[in-house]
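A short write-up of the structure that comes next.
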There are 2 protein chains.
Amino acid sequence: MMLSTHKSEARGPYRWRRRKEARPEEIIEAALALFAEKGFSATRLDDVAKRAGISKGTLYLYFDSKEAIFRAVVETLIGPKLQAIEKRVDEFEGTNQDLLRQLVHGWWQNVGESSLSAIPKLIVSESGNFPELAEYFVKQVVKRSRKVIVHVLERGMEAGEFKKCDAKLAARLLYAPMVQTAIWKHSLNPWDDIGDVPAYLDLHLDVFFHGIASGAVKK
Amino acid sequence: MMLSTHKSEARGPYRWRRRKEARPEEIIEAALALFAEKGFSATRLDDVAKRAGISKGTLYLYFDSKEAIFRAVVETLIGPKLQAIEKRVDEFEGTNQDLLRQLVHGWWQNVGESSLSAIPKLIVSESGNFPELAEYFVKQVVKRSRKVIVHVLERGMEAGEFKKCDAKLAARLLYAPMVQTAIWKHSLNPWDDIGDVPAYLDLHLDVFFHGIASGAVKK
DNA sequence: ACTTAATAACTGACCGGGCGGTTATTTAAT
DNA sequence: ATTAAATAACCGCCCGGTCAGTTATTAAGT
């Protein structure tokens with residue numbers, strides 16, 4: 001399935017074609033798919049190359065190392081998504097609760113259900129072996145995302161929409177089930193299927209907002 | 001730090017001693033420590049042996065393979081803990097909310113703060129490469145644990161203590177932040193420290209119980 | 001147009017170190 | 001003397017990374 005079926009250029013008498021511009025993206029895509037499936041260490045560069053429809057040597061024309069490919073996957077695929085989210089938050093008009101509900105469900109649709117959902121598990125799994133990458137991810141993705149959520153939560157607290165509490169901890173609570181589900185999906189799902197994820201997230205949101213909307217929270 | 005400091009038997013004129021009974025436990029302990037630190041693939045059997053104060057060959061007198069060591073870690077260390085929890089649930093007298101609160105905090109003290117907390121991350125990380133182990137873990141740990149929580153939740157629902165809802169999903173919600181925190185501790189914690197975990201769990205419990213204690217939950 | 005030279009994309013055989021696993025040998029214990 | 005525990009040298013495979021050579025593409029020359 002899909003073996004160098006890129007566009008229609010497998011045609012002709014050539015064994016291969018020169019496609020300098022298209023290669024990096026194809027490599028990144030192939031790598032993400034395999035990383036998601038097998039993890040970083042267990043992914044063989046030969047397999048990445050084969051899936052991208054090139055030879056292993058060609059990988060090294062575009063990336064310095066296996067780790068560089070990993071980094072490129074994270075860098076090129078996540079940035080745009082986050083930017084879109086930040087924009088959405090700025091422009092939103094409505095209650096903060098509705099905004100957060102939309103963000104959670106939107107994240108699941110755009111990230112959770114795509115192969116991007118493999119990245120959290122990848123980062124967690126390989127953080128010990130690639131600390132620089134973990135650091136980069138925390139700075140550029142985790143903290144940046146949490147900042148957005150904290151911002152919305154605090155806006156809601158000031159508006160009297162939510163009970164006042166530690167917004168950073170509350171933000172963690174809000175995304176914990178999401179991230180957890182993404183990680184699960186790429187690990188234990190075959191033996192313990194969550195089933196209807198949006199329903200799960202709905203329950204989470206109901207419990208969460210009712211929980212922070214009124215007087216149960218200390219302090 | 002702690003290099004073959006098992007009891008005092010590095011002493012004397014002997015290069016080593018025969019300690020057939022003590023070896024397996026020491027190997028398991030050493031393996032868990034290294035697995036927690038480096039992950040499964042990146043852990044070298046030479047290092048496990050060194051940490052256990054023996055040679056690599058000796059490992060194979062007690063275990064068939066690296067994977068068998070992994071399996072032994074999970075099997076021998078988790079069973080007893082779970083059994084204790086099940087007993088506690090049976091014998092408990094008090095509100096179901098209090099029981100769950102105690103279980104959560106107790107879990108963090110007994111598991112979260114010990115090196116056992118590394119196991120969830122290990123399983124998640126290696127599930128792709130060791131599916132049999134993942135399957136075993138889901139059956140013997142995940143489902144068994146969730147069963148206990150579901151039981152308590154349903155008991156509370158029937159007693160009118162909690163709102164009726166899908167207890168299986170609610171159980172997932174309850175332990176998601178716990179498990180997430182354990183995984184975090186062994187991955188991104190150096191760059192994104194959670195800080196006071198009991199405080200985090202308290203906020204979670206407050207939000208959760210207030211959320212399911214009254215009318216916000218659909219259905 | 002046609003040939004030839006120059007360039008850059010791409011290939012795939014190869015290498016070397018690392019590591020899981022084995023075994024011939026040594027040593028403690030009885 | 002015999003047995004069993006432990007060792008350490010050893011094997012062989014695997015895979016990330018390299019590089020000498022091959023092929024598509026482009027440019028120059030006639």
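Observations on the structure shown:
- From the alpha carbon centroid of region A:102-118 to that of region B:26-95 is 35 Å.
- Charge-dipole axis of the protein assembly as shown as Lys and Arg at +1 and Asp and Glu at -1 on Cβ define it, positive-most pick from A:Val111, A:Ala68, B:Pro177: A:Ala68
- For A:Ala68, net neighbour charge (Lys/Arg +1, Asp/Glu -1) across residues whose Cβ lies under 13 Å away: -2
- Computed FRET value (nearest 0.05) for A:Leu82 with B:Glu86, which takes r as the C-beta separation and R₀ as 45 Å: 0.55
- In range of the label at A:His151: residues from region A:51-84 whose backbone nitrogen is under 20 Å from the point 7 Å along Cα→Cβ: A:78-84
- Each of the chymotrypsin sites (Phe, Trp or Tyr not before Pro) that DSSP puts in a loop and that has at most 13 other Cβ atoms within 10 Å breaks chain B; the longest unbroken stretch is B:17-219.
- Across peptide B:172-183, the mean count of Cβ atoms from other chains lying within 10 Å of each residue's own Cβ comes to 5.
- Summed side-chain charge close to B:Val197 - residues other than B:Val197 whose Cβ falls under 12 Å, Lys, Arg +1, Asp, Glu -1: -2
- Rounded to the nearest 500, the helix-only mean residue ellipticity at 222 nm of the protein assembly as shown stands at -20000 deg cm²/dmol, with each DSSP H run of n ≥ 4 adding -39,500 (n - 2.57).
- Loop-resident sites, region B:68-163, for GluC sites (Glu not before Pro), counting at most 11 other Cβ within 10 Å (DSSP): B:Glu93
- Its Cα centre serving as origin, the protein assembly as shown has a Cβ charge dipole (Lys and Arg +1, Asp and Glu -1) of approximately 1280 debye.
- Net charge over other residues, Cβ less than 14 angstrom from the Cβ of A:Val150 (K, R count +1; D, E count -1): +3
Quick note: the coordinates plus some simple rules give every number you see, no bench work behind them. Since this is a predicted model, take the numbers as computed values, not measurements. For neighbour counting, all protein chains shown are included, and Cβ atoms are generated from backbone atoms with ideal geometry for every residue, glycine included.
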